[in-house]
1. For the pairs Lys49/Lys157; Lys49/Lys152; Lys59/Lys152, flag any whose C-alpha to C-alpha distance is greater than 28 Å.
2. So between Ser67 and Asp47, what do we pick up on full extension, going 0.36 nm a residue minus the alpha carbon distance?
3. Could you please rank Met101, Met54, placing first whichever residue has the fewest other Cβ atoms within 10 Å of its Cβ?
Amino acid sequence: MLRLILVAVLSLTVVGAAFACDAVKSASAYSGCSSKAKVQTAQADLDCKYCDLMVAFNKNSEKVTFSTVENKDGVTLVFAATGEENVALAQQLASDAYGLMAGPAHCAYTRSAMAKKSCGDCSEGVNAFAGTKVTLEDTDEGAWAQVSTKDKKQIEKLHAFFANLHEHTEDEG
């Protein structure tokens, strides 16, 4: 029950920050987010959070499998537990990934800040999430996330980002 509450709070926080950013962008010529979003971004770790997440997946590869499936509308990410005792871990890693994908989806300021704090390969890919729809669903075996858009160029960027992320972390894993 506590796990469900934490996922709901994280999801609402990410969605709330995205809508707050959109409201600020609409209200002024400056495309920045609310001061709360700026403070949260400034406090972010200087390491590349995308690579850090992939390292976490690699470290837990015996407990959780992670795969991406390209499709015509974007990318589906599958987080599968290797056993019933690892379902909560798979769902937590999926929730962490959701936060990294949903944050830059709606906010130019967040995309810019995340790009500055990402490695060279990942910083170029942060814009792949611009204007996408990101959904997350827990399952009995773990979770899946969908990053989708109708924009063909964004779909190409998404496919390239995830292909590069897999390649980049396999070299380090």
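Nothing in this text is a laboratory measurement; each read-out follows from the coordinates by a stated rule. Predicted model only: the values in this text are computed from it and were never measured. No Cβ is skipped: glycine too gets one built from the backbone with ideal geometry, and neighbour counts run over all protein chains shown.
1. Lys59/Lys152
2. Extra length available between Ser67 and Asp47 comes to 4.9 nm.
3. Fewest-to-most Cβ neighbours within 10 Å comes out as Met54, Met101.
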